[in-house]
Every structure is written in C-alpha cells, then in structure tokens.
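Here's the structure, in structure tokens; my notes come after.
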Amino acid sequence: MCDCLVMFAVLAASSALAADLERDLNSQYRGKVLALRYSFTGNSQDFDASGKPIDPKGFGPWTVYGRVRIKSIHLSSDNLEVKAARQLMEFKQGGLVPMNKSDARKSGVHQNVTLTLRLQTRVKDEAGAQAAWRKLFAVTPEEIVHSAPDFWRDYLADPDIAADDKTTHNPAIPTGVAQLGDKGVLAAQALQTPEPEFTELARKLQYQGSGIYGAFIDKDGEPERIIVVRPLGLGLDEVSIEAIRHWHFVPAIKDQKPVPFYMPVEISFNLN
C-alpha cells in the first residue's frame, strides 16, 4: 500500500512539473513566428529525440515551408507536440515579412501543421524543455541563419539586413575574384541562360517581382556558388538559383588568362 502511495506521489509530481514546463513554453512562444529547422511539406511531421525528421514526406522552399506561427504546445513524458500555422514569407517594404492571412489561405499550402518530438527521457527542468524546443526550432539569430539553405545564409547573416538598414546584401568578394568595374578585367559573358519557371504558388497568388542573386563564376565559366542578394520570397528564389546553376559563361579574362569572377544577376517574374 505504501509503495502504491509513493508511486502515485511521484507520478503526480511529474505531471505537475510537465504542466508547469508546458505553461512556460506556451507563455514564451505561443503567437510567435519561428523558423523551423526542417522545411517539411506535409501537415504533420514526427521527429526523433535528436530532432531529425522520421519518414519525411518531403521538404520545400524555406520561404514557403520554413516559418510557422505557434498556436499551442503540449508536453508529456513521451512527446513534445506543437500545433502551428504556416507563415509564407514575401519580400515587401524592404524585407522578408509574413504574408497576410487572406492571401496565404488562397495558396493551397497546408495552413495548420503539427510537429511531434519523440522524447527519449522525461523533461525534468526548464533547461531540458528549452533544449527539446530547440531541436525543432531555430531560436537565436545564429540558429536561424544555419537553419536556412546555404544560399540564404550570407543574406540572413548581414547585420544591416537584420537591422532593416538596407534591403540588398553586398557580399564580400574573396581575394583573387574579379568583379564588374575592376581595371583590366573583361567581364564574364553569359552564353546560355535558361529561364526559371514561374511557380504554381506564385501564379495562384498573383505574385511577381525581381530578385537579385550573386553568381561566383569559375575559370571555366561555370557558376560554382550562388547566393541571395535581394530576395523575392514564396519559393521564387529557389527556382531562380536553380536556373542560374545551369547557365554557362565565357570566363572573365585578366592579363589574357581566365579568372574567377563575381557578378550580380537579376531575375524577373512578370505575370504578363
């Protein structure tokens, strides 16, 4: 009988602790827009204790599937369950901002999603709750940068972009890489420039505009690295960068030799 009472007291204390930690998480994060560590495309996704997706159905563009607004959080001994609403991101008023709800509803993208982190051990304190939370979400500016695809990272890490002081990222050009305006350099010239396809989502939402991307072109005239300089959002940056990857150039020339070259590339999407 005494053993039963002890067990009951332990379970009650554990449930009370979980309830307190759940309340703290809801107080801190409910209603906030957060970056996911994985941009999954389904309406639900389970994760193992390390935060890796279990049997994912697919992943999509970071500006379509990478942000959510937290609706509710439930913490049990086995799972951390989060219900959220997707936040499509568009480039507007000089920065990436969540699309308004009425337009987002027209997108056809799953609006309500559920994330479930399967816990290996019971969460025992606030530090453990925060550690579990950060398996699913990028919380700090540094985590947000690293949660995004690599071609986004220069743009997101730019402190002036983060402070809303400017809208276009000016990348640092490595030593030995020529660029437009350099003395004695004949700029690289594009030979083949297949155009990106207008995404179904952007067409459905009547979304158009121009993005700028930085192309680092090697001595053979092939793009070896491409970064976001001024984005568009709604997945158009991904299709733009994928198109530029298939471009071919006459290499830049300096002192009668091919040299690596950096050039900005503007891609426009027009509904007409």
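Read-outs throughout are calculated quantities, based only on the coordinates presented, and are distinct from any laboratory measurement. Since the structure is predicted, the reported quantities are computational estimates derived from the model, not experimental observations. All Cβ positions, even for glycine, are placed from backbone atoms using ideal geometry, and neighbour counts span all protein chains on display.
Odds and ends about this structure:
- Qualifying trypsin sites (Lys or Arg not before Pro) in segment 199-260, DSSP loop, other Cβ atoms within 10 Å at most 11: none
- Subset of 52/124; 57/124; 52/92 violating a 26 Å alpha-carbon distance limit: 57/124; 52/92
- FRET efficiency for the pair residue 160 and residue 182, taken as 1/(1 + (r/R0)^6) with r the Cβ-Cβ distance and R0 = 25 Å, rounds to 0.55.
- Estimated dipole of the chain in Debye, rounded to 20 [Cβ of Lys and Arg +1, of Asp and Glu -1, Cα centre]: 660
- Between the helical axis of 126-136 and the longest alpha-carbon principal axis of the chain there is an angle of about 40 degrees.
- Remark: for residue pairs 83/204; 32/101; 32/106; 183/219, the C-alpha separation exceeds 20 Å in 83/204; 32/106.
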